[in-house]
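Trainee: Before we start, here is the structure in question, set down as structure tokens.
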Amino acid sequence: SSTEPKVIDNMGRVISRPSDTKRVMFNYTIKIGDNVNEEYEMGIYVSSKTLEEVENEFLKMIPSTLKENISFPNVFAGGAVEVIIATSDETILSPSGKYTQPNIDSKIEINYIVTDGNEEITGNVSTFAKAKSEKERLNNTIKWLNEIGFNELLLDSKTIFPKTCETENTLIYWSSSNVNVCNKGQVIQNVYERHVTMKA
């Protein structure tokens, strides 16, 4: 028997949805023959929204073109409904909604399951991730080179000049103002100090 039959009846059918997700207590009795008769109690969460309403709320969060992170909540309807997400390319859009702009235009498929632990709705939706411009990729490569110290270096024979920037998918070619000191990104050890200008 339900403690609130106007919200959920004794058979577990939702009669009216509360304005906020509500925990309704159920009392039940288990009988074995005529002598064993035990009473128990359990709580059931009645969602303030249907699975279809949560699905629509979720779909409204997906833009046609990605520009920034999407703040996916872990649960909806006051914790009663969960949306489980899988994306076609997690390096661009993670299931938690973290967005990383790609180097090539990409279509991202988002598969989802909306569930209250009892019933579920499955579906998918697509969004578009526009590539970075070449100028952005070049600027990000220069920024990365500066961050790792390739702006003013004290060179030795162990110095390795990077040939790629993996995050931007760029190739880096080096030229030297003095090939006797450094040539093609390879340091040639000198017996005395020299100054050399490297161009990337």
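Trainee: Output the 0 to 90 degree angle, nearest 10, between the alpha-carbon long axis of helix 134-147 and the longest principal axis computed from the alpha carbons of the chain.
Mentor: Its long axis makes an angle of about 80 degrees.
Trainee: Loop-only GluC sites (Glu not before Pro) in the range 131-177, please: DSSP not H, G, I, E or B, and at most 14 other Cβ atoms within 10 Å. Spell out each step's value before the answer.
Mentor: Numbers: sites: 134, 136, 147, 152, 166, 168; in loops: 152, 166, 168.
For GluC sites (Glu not before Pro) across the range 131-177 that sit outside H, G, I, E and B with at most 14 neighbouring Cβ atoms in 10 Å, the list reads 152, 166.
Trainee: I've got another one for you. If you roll a 1.4 Å probe over the chain with all protein chains in place, what percent of the accessible area is carbon or sulfur? Numbers along the way, then the final one.
Mentor: Numbers: 6720 of 13900 Å².
Its accessible area is 48 percent carbon and sulfur atoms.
Trainee: Charges at C-beta only: +1 for Lys and Arg, -1 for Asp and Glu. How large is the resulting dipole of the chain about its Cα centre, in Debye rounded to 20? Walk me through the numbers on the way to the answer.
Mentor: Numbers: 21 positive and 28 negative charges, 250 e Å.
Using Cβ point charges on Lys, Arg, Asp and Glu, the chain gives about 1200 debye.
Trainee: Specify the inter-centroid distance of the range 73-125 and the range 139-200, based on alpha-carbon positions, in whole Å.
Mentor: 42 Å
Trainee: How big is the range 71-200 by Rg and Dmax over its Cα atoms, in Å?
Mentor: Calculated on Cα positions, Rg and Dmax stand at 23.6, 77 Å.
Trainee: Before I look further, what does the range 1-151 give for accessible area per residue, probe 1.4 Å, in whole square angstrom?
Mentor: On the way: 9950 Å² over 151 residues.
So the range 1-151 comes to 66 Å² accessible per residue, rounded to a whole number.
Trainee: Based on Cβ point charges of +1 for Lys and Arg and -1 for Asp and Glu, what charge dipole magnitude is obtained for the range 14-124 about its Cα centre, in debye rounded to the nearest 20?
Mentor: Working: 9 positive and 18 negative charges, 71 e Å.
Charge dipole of the range 14-124: 340 debye, to the nearest 20.
Trainee: In Å, the Kirkwood hydrodynamic radius of the range 1-140 over pairs of distinct alpha carbons?
Mentor: Working: mean 1/r = 0.0554 Å⁻¹.
For the range 1-140, the Kirkwood estimate is 18.1 Å.
Trainee: I've got another one for you. Counting only helical runs of four or more DSSP H residues, what would the 222 nm mean residue ellipticity of the chain come to if each run contributes -39,500 (n - 2.57) and the total is spread over all its residues? All intermediate terms of the calculation are to be shown ahead of the outcome.
Mentor: Working: 2 runs with 23 residues, N = 200.
Only helices count here, giving -3500 deg cm²/dmol.
Trainee: Select from the range 8-72 those trypsin sites (Lys or Arg not before Pro) which occupy a DSSP coil region and have at most 14 other Cβ atoms within 10 Å, ordered by residue number.
Mentor: Numbers: sites: 13, 22, 23, 31, 49, 60, 67; in loops: 13, 49, 60, 67.
Within the range 8-72, the qualifying trypsin sites (Lys or Arg not before Pro) (loop, at most 14 other Cβ atoms within 10 Å) are 13, 60, 67.
Trainee: At most 13 other Cβ atoms within 10 Å and a DSSP loop assignment: could you name the chymotrypsin sites (Phe, Trp or Tyr not before Pro) in the range 121-190 that fit?
Mentor: Values: sites: 128, 144, 150, 173, 174; in loops: 150, 173, 174.
Listed in order of number, the matching sites are 173.
Trainee: In this model, which of 158/184; 22/60; 107/132; 67/98; 60/130; 49/107 are farther than 22 Å apart at the alpha-carbon?
Mentor: On the way: 158/184 14 Å; 22/60 25 Å; 107/132 14 Å; 67/98 11 Å; 60/130 20 Å; 49/107 31 Å.
Result: 22/60; 49/107 exceed 22 Å.
The values are calculated or read from the model by the stated rules, or taken from the named source; none is laboratory data. These numbers were taken from a predicted model, which means no experiment stands behind them. Positions of Cβ are backbone-derived with ideal geometry, glycine not excepted, and every protein chain shown enters the neighbour counts. Side chains included, ligands, DNA and RNA excluded: accessible areas come from the protein's heavy atoms. Shrake-Rupley method; radii C 1.70, N 1.55, O 1.52, S 1.80 Å.
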